[in-house]
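The values are calculated or read from the model by the stated rules, or taken from the named source; none is laboratory data. This is a predicted model, so every value here is computed, not measured. Glycine also receives a Cβ, built like all others from the backbone with ideal geometry; neighbour counts cover every protein chain displayed. Please note that ligands, DNA and RNA were not included when accessible areas were found on the heavy atoms of the full protein model with its side chains. Shrake-Rupley method; radii C 1.70, N 1.55, O 1.52, S 1.80 Å.
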Amino acid sequence: MALVHRFLNGAYIFGHCPKPSASCPFLGTRFADYCSSSLQKPVAAPNKTSSQRNSEGDLQGHHQREVALDITSPEEKPEVSFDKAIKDEIKDHFRRLKDDLVNHWIGPEGRPLHEVLLEQAKVVWQFRGKEDLDKWIVTSDKTIGGRSEVFLKMGKNNQSALLYGTLSSEAPKDGESGRSGYCAMVARSPRGPFERKRAYDWSQFNTLYLRVRGDGRPWMVNIREDTDIIQRKNQMYSYFMFTRGGPYWQEVKIPFSKFFFSNQGRIRDAQYQLLLDKISSIGFTLADKVDGPFFLEIDFIGVFTDPAHTEEFAYENSPELNPRLFK
């Protein structure tokens, strides 16, 4: 049903594209010129004698000459084959499923097992083109009626991603929300063939590694686990990232043991350790209550193993706070 809905939505947008009409000839000409240069019929070139004339009358006659356009009639609708579109989509999913099966026999992520076990560092996200930006979602308090704005684009020379916008802590005037002022950037969860959920396995690493450049604002780095339990939908693990500001890049290293557990934006008394083999996404949130413009430039996001870091979990628990850990 999801595939059918996708194709119906595409057909609806395609079917409502502006078409040239007699009531708006200017739109028709621009539409034809934009769609295809092959729509224009060749115009007979003037002979050599007329081309050498430079008189005012010849120039006026040339500008007044109409160009014949072969424009599709409004009654003719483009042919859209839903059967072909669905077949192509299913073929693509089966092709991806075949690649997954082949990679599974080779090793994790299609690589030999010894290479994966000996790997000390790994780049998970980098920004070198528009396809890398499509893996992320930006959002702000506009979804609840706020005034904050956030945008994401490629940086200079297509070597980084630039997250920028304006933060506003003005509360929505809806009579319900009392607080506002946040902007966020969240990675899309990985998907496999037939939209199956996937998860990142970072169990052999112990530190998050980022190369960023900011304006001095503090950010919150959020990591979500892959879970289908409704009660844990709003749960995440977070830690702070402080940018220095200025023109220089900084390398941020955050051990996974430092991430604290929160639910619906509130830090819980009972803390749980992050499950590194079930990571679904990562995100960055700005909510420092300082109104005004902001920016964060990201080169890459990765993970690595720091041999000097031996801490497993940075937070204490007690039987009163977390009895499940002391059974």
Over 23 Å between alpha carbons, listed pairs Lys135/Lys197; Lys84/Lys135; Lys135/Lys173: Lys84/Lys135; Lys135/Lys173
Carbon + sulfur, % of accessible area of the range 154-206 - ligands and nucleic acids excluded, 1.4 Å: 43
Solvent-accessible surface ranking, highest first, for His104, His93, His309, His114 at 1.4 angstrom: His104, His114, His309, His93
The range 160-259: GluC sites (Glu not before Pro) in DSSP coil with no more than 10 other Cβ atoms inside 10 Å: Glu176
Neighbourhood charge, 12 Å Cβ-Cβ cut-off, centred on Thr207 and excluding it, Lys, Arg +1 and Asp, Glu -1: 0
Over 22 Å (Cα to Cα) - which of Lys122/Lys258; Lys156/Lys253; Lys258/Lys278; Lys156/Lys289 fall in this group: Lys156/Lys253; Lys156/Lys289
Rounded if a/c under 1.5, otherwise prolate or oblate - the range 142-239, Cα gyration tensor axes: oblate
Order of exposure, largest accessible area first, which applies to Lys156, Lys91 with probe 1.4 Å: Lys156, Lys91
